[in-house]
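What follows draws every value from the coordinates through simple rules; no lab data is involved. From a predicted model like this one, the values you see are computed outputs, not experimental measurements. Using ideal geometry, Cβ is built from the backbone for each residue, glycine included, and neighbour counts are taken over all protein chains shown.
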Amino acid sequence: MKIFDLYTAEDIKIEDPALRHYINLDSKLVIKSRGRAREKFGKARVNIIERLINHLAVPGHRGKKHKIITKWASGKYSQKVKVLLETFKIIEQETKTNPLQVLVKAIENSAPRDEITVIEYGGARYPQAVDVSPTRRINIALRHLANGAYDKSFNKKTSIAQALAKEIIAAYNNNNESLAITKRNESEKQADAAR
């Protein structure tokens, strides 16, 4: 069985050993879990494509504000699936490879390994570098991919599918044109400075 009856997930390689157990690529015709995986580490059971679709549904979630309200962020799941299918077609035409492999490699490239947290010691606050857990790494990478796509398409002529395809391909190539890659580099630089 293939995902969406179009793309096979059998030959996809996940090179990052930390993310191997958390990137789920189970083959299904309809990728929709309806929020059933609610136990601890339940996100690891949710297909990675569904997780990207869910991030597309809430595009402007930065901090506590929903900055971007658009016609395609209407909460309709089927609309997001259409956007993603169009994105995969564009990726397949441009890279001539399986778009699922491109997406997985883009997530691996844009997932930050180090972050900073604030530690209070003696009444003063200090930044402290910490390692990022695999589930958080994937969440951050998906969020930045979605936000980068919305930045490139909001109030511009490019469609959301074209912008998302550009963002994923740039992250796949480890290119700084991708918002996810620049955010990862920023996060790791800050963590290096806080060691």
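Give me K80, K89, K96 ranked fewest to most by other Cβ atoms within 10 Å of their Cβ, as a rough exposure proxy.
Details: K80 21, K89 14, K96 7.
Ordered by Cβ neighbours within 10 Å, fewest first: K96, K89, K80.
Residues with amide H under 5 Å of N24's amide H, sequence separation 5 or more or different chain, H placed in the peptide plane at 1.01 Å from N; which?
Result for N24 returns I48.
Looking at this model, which pairs from K40/K80; K43/K166; K32/K82; K76/K183 are more than 24 angstrom apart at the alpha-carbon?
K40/K80; K43/K166; K76/K183
Let me have the relative contact order for the chain, percent, based on Cα pairs under 8 Å that are six or more residues apart.
Details: 272 pairs, mean separation 40.2, N = 195.
It comes to 21 percent, rounded to a whole number.
Taking springs between alpha-carbon atoms closer than 10 angstrom, which of I53, I12, I168 fluctuates most in the Gaussian network model of the chain?
I12
Mind scanning K28/K189; K28/K156; K152/K189 and naming the pairs with a C-alpha gap bigger than 31 Å? It would help to have the intermediate numbers written out before the result.
Values: K28/K189 39 Å; K28/K156 34 Å; K152/K189 25 Å.
Cα-Cα > 31 Å for K28/K189; K28/K156; rest within.
Between N155 and Q190, what length in nm is gained on full extension when 0.36 nm per residue of separation is reduced by their alpha carbon distance?
Difference between extended and current length: 9.4 nm.
Suppose we flag GluC sites (Glu not before Pro) only when DSSP calls them loop and at most 11 other Cβ atoms lie within 10 Å. Which is the longest uninterrupted stretch of the chain?
Here the longest run is 40-195.
Tell me the label only: which of [x] 9.3; [y] 10.6; [z] 12.4 is mean projected area of the Cα convex hull in nm² as calculated from this structure?
[z]
Taking the number of other C-beta atoms within 10 Å as the exposure measure, put K183, K32 in order starting with the fewest.
The fewest-first ordering by Cβ neighbours comes to K32, K183.
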